[in-house]
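Engineer: Could you have a look at this structure, given as structure tokens, before my questions?
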Amino acid sequence: MRKRTFDRALAVGLAVAALTACALDAESTPRPIAEDPLRVDDDVAGSENPTTGIGRVYLQRSDASGTAVLVAVQRDLSLDPTAAMRVLLDGPTDDEQDSGLRTAIPRDTRLLSTGFVASGTVEVNITSSIFSATGGDLVGAVAQIVFTLVDIEGIERVALVVDGETTEWPRGDGTLTSRPLTEFDFPSLALSSQPDYPAIVEVVR
């Protein structure tokens with residue numbers, strides 16, 4: 001009777017040991033985890049459809065002293081000079097106008113073309129309607145164009161021409177120049193420490 005009990009206990013022990021050994025053998029060596037065939041890599045997904053980046057255009061508002069200063073306003077647009085200029089020429093939205101933003105660029109100013117003419121220099125060809133603005137408004141209008149475009153990576157200077165012809169433009173200090181313009185030509189118009197104006201984002205289609 002005692003031998004039968006011992007034999008039964010021994011058989012149970014051997015069975016448990018065998019099962020434990022099988023379990024250890026199954027996981028005792030590392031194995032690669034098969035990739036999910038339905039998973040799409042984040043870097044590849046949508047690569048055929050470029051995303052539209054968040055860009056900025058520059059409008060104007062009056063500071064406490066009544067002086068016009070530039071304000072960066074976010075826009076959802078592709079980051080190229082043609083798209084940026086078209087959005088800039090559209091001017092402020094109704095909500096932005098209600099909040100005190102405006103543009104010095106005359107409403108009937110039209111974009112004729114844009115194109116890189118040298119490394120970091122983009123030429124912008126617009127209609128002569130821009131000369132409807134005079135004095136400080138013309139300075140502000142030119143500054144809006146320059147700041148909007150140099151905000152785009154790869155653009156450092158703006159050669160602004162009218163109906164294909166080179167002309168002279170007023171800088172922030174009132175002097176005239178026909179050379180390509182940079183933001184440093186209008187130091188008094190930019191509030192460099194001011195954050196972007198609260199975004200009123202519009203999708204450009």
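None of the figures in this text is laboratory data; all of them are computed from the coordinates on show. Because the structure is predicted, anything quoted here is derived from the model rather than measured. We place every Cβ from the backbone using ideal geometry, glycine too, and count neighbours over all the protein chains shown.
Engineer: Can you tell me the dipole magnitude for region 52-162 around its Cα centre, using point charges on the Cβ only (Lys, Arg +1; Asp, Glu -1), in Debye to the nearest 20?
Structural biologist: Value, rounded to 20: 240 debye.
Engineer: Say each of ASP95 and SER62 gets a label point 7 Å from the Cα, pointing the same way as Cα to Cβ; how far apart are those two points in nm?
Structural biologist: Simple spin-label model gives 2.4 nm for this pair.
Engineer: Quick one: compute the contact order of region 50-164, relative version, from alpha carbon pairs under 8 angstrom and 6+ residues apart, as a percent.
Structural biologist: 26 percent
Engineer: How big is Rg to Rh over region 54-185, alpha-carbon atoms, Rh as the Kirkwood inverse-mean-distance radius?
Structural biologist: Here the Rg-to-Rh quotient is 0.93.
Engineer: Take LEU176, project a point 7 Å from its Cα along the Cβ direction, then tell me which residues of region 117-137 have their backbone nitrogen under 13 Å from it.
Structural biologist: Under cut-off, by backbone N: 135.
Engineer: Suppose R0 equals 22 Å; then what is the FRET efficiency for PHE184 and ARG107 from their Cβ-Cβ distance, rounded to the nearest 0.05?
Structural biologist: E between PHE184 and ARG107, to the nearest 0.05, is 0.20.
Engineer: How would you rank 56-62, 135-141, 118-124, 176-182, highest first, on the average number of other Cβ atoms within 10 Å across their residues?
Structural biologist: Order by mean packing, descending: 56-62, 135-141, 118-124, 176-182.
Engineer: If you take the charge dipole of region 54-185 about its Cα centre, with +1 on Lys and Arg Cβ and -1 on Asp and Glu Cβ, which of GLN97, TYR58, THR166 is farthest toward its positive end?
Structural biologist: THR166
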